[in-house]
Amino acid sequence: MAAIQPWWSQQPANRRNATLALINDARLTDDEVAALCLLLEAWDSTLASYMEYRQQIDETDDLAYSEHDFIRDLMMLGFSGRPVEPEVDRFLDHESKKIVDVLRHKWPKAEATPLAEPLAMSINILLEGQFDFIFDFPSTRLAVYGTLRPGESNASLLEEIGGEWSDGTVCGRIVERDGYPEFNWSPGGETIAVKVLTYRELPGQFLRLDQFEGENYWRTLVPV
């Protein structure tokens with residue numbers, strides 16, 4: 001298995017950014033089917049990039065490597081290199097094959113039926129989880145640039161969570177909306193300093209934070 005997470009950092013920035021843009025667009029739409037179409041495009045691009053990477057590092061010993069193997073390797077990341085018991089290994093193999101079956105067989109058959117929306121919702125959750133593995137668990141990190149930063153007026157919303165803070169930068173621009181700063185991601189934009197909160201249980205706080213921010217603000221997946 002080639003290292004999956006470090007692999008992504010070696011891909012061309014424009015390819016990575018195009019994939020992130022698709023994921024962000026999917027998160028902005030309320031149409032589950034439309035969101036799935038965007039996520040599948042991002043997924044197919046990611047899979048193609050990884051296959052090309054494997055060829056570049058000359059992994060010719062496993063030319064039969066497939067989408068099923070890719071998903072299984074992603075699942076293995078959750079074990080952080082720890083030994084996996086045989087029954088767990090068989091379970092991961094079975095589950096990865098099920099995911100491929102849903103993506104490549106069940107979804108195309110259901111796309112034009114009344115089952116499309118509920119199935120798309122389930123697949124969207126599944127793909128979001130896979131992307132979380134690929135990008136080294138961004139769901140556990142939050143970059144803030146405005147009033148949520150330590151020492152700012154709304155810092156208490158994050159102080160009570162815990163976790164560790166670090167410095168970072170993002171590219172884009174900040175504009176004012178209703179008296180508050182709003183960040184717009186742009187890969188070619190100016191460099192903006194941010195504070196990054198890292199906390200394993202952060203996903204459990206996103207609903208509360210999203211409700212505080214309101215419908216005019218949304219979390220965006222960007223390189224930091």
Could you grab the pairs with beta carbons closer than 9 Å, sequence gap of 6+ or different chains, first residue in region 167-196 and under 14 Å from Arg149 (Cβ atoms), second one of a type in the set (Gly, Ala, Ser) and loosely packed, with under 12 Cβ neighbours inside 10 Å? Asp167/Ala193; Gly168/Ala193; Thr169/Ala193; Val170/Ala193
Which condition breaks for Leu119 when tested against (1) in contact with a helix residue (DSSP H, G or I) (Cβ under 9 Å, 6 or more places away or on another chain); (2) closer than 28 Å to Ser9 by Cβ? (2)
Pair list, Cβ under 6 Å, 6 or more apart: region 64-84 residue closer than 17 Å to Trp8 by Cα, other residue at pLDDT below 80: Asp73/Met1; Asp73/Ile4
Options Arg16, Arg54; residue that is more than 18 Å from the chain's Cα centre (by Cα), part of a helix (DSSP H, G or I), over 20 Å from Ala120 (Cα atoms) and outside the structural domain of Arg200 (by TED's automatic domain parsing): Arg54
Across region 122-139, the tally of residues that are in contact with a helix residue (DSSP H, G or I) (Cβ under 8 Å, 6 or more places away or on another chain) and assigned to a loop (DSSP other than H, G, I, E, B) stands at 2
Lone qualifier among Leu103, Leu142 - being crowded, with 18+ Cβ neighbours inside 10 Å and assigned to a helix (DSSP H, G or I): Leu103
Among the residues in region 70-85, are any in the same structural domain as Ala42 (by TED's automatic domain parsing), at pLDDT 90 or above and either out of contact with any helix residue (DSSP H, G or I) (no Cβ under 7 Å at 6 or more places or on another chain) or not basic (Lys, Arg) (or both)? yes
Matching entry among Gly204, Gly172, Gly189, Gly168 (being small (Gly, Ala, Ser), touching a Phe, Trp or Tyr at 6+ places or on another chain (Cβ under 6 Å) and either modelled with pLDDT of 95 or more or under 30 Å from Glu41 (Cα atoms) (or both)): Gly172
Filter region 72-100 for residues that are farther than 19 Å from Trp43 by Cα and among the aliphatic types (A, V, I, L, M); the one that is surrounded by the fewest Cβ atoms within 10 Å (Cβ to Cβ) is Val88
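Tell me which residues, restricted to region 72-100, are of a type in the set (S, T, N, Q) and in a helix (DSSP H, G or I). Can you show your working first?
Initially, region 72-100 is screened for residues of a type in the set (S, T, N, Q), giving 80, 96.
Listed by number, the list holds a single entry, Ser96.
The values are calculated or read from the model by the stated rules, or taken from the named source; none is laboratory data. None of these values were measured; they are calculated from a predicted model. No Cβ is skipped: glycine too gets one built from the backbone with ideal geometry, and neighbour counts run over all protein chains shown.
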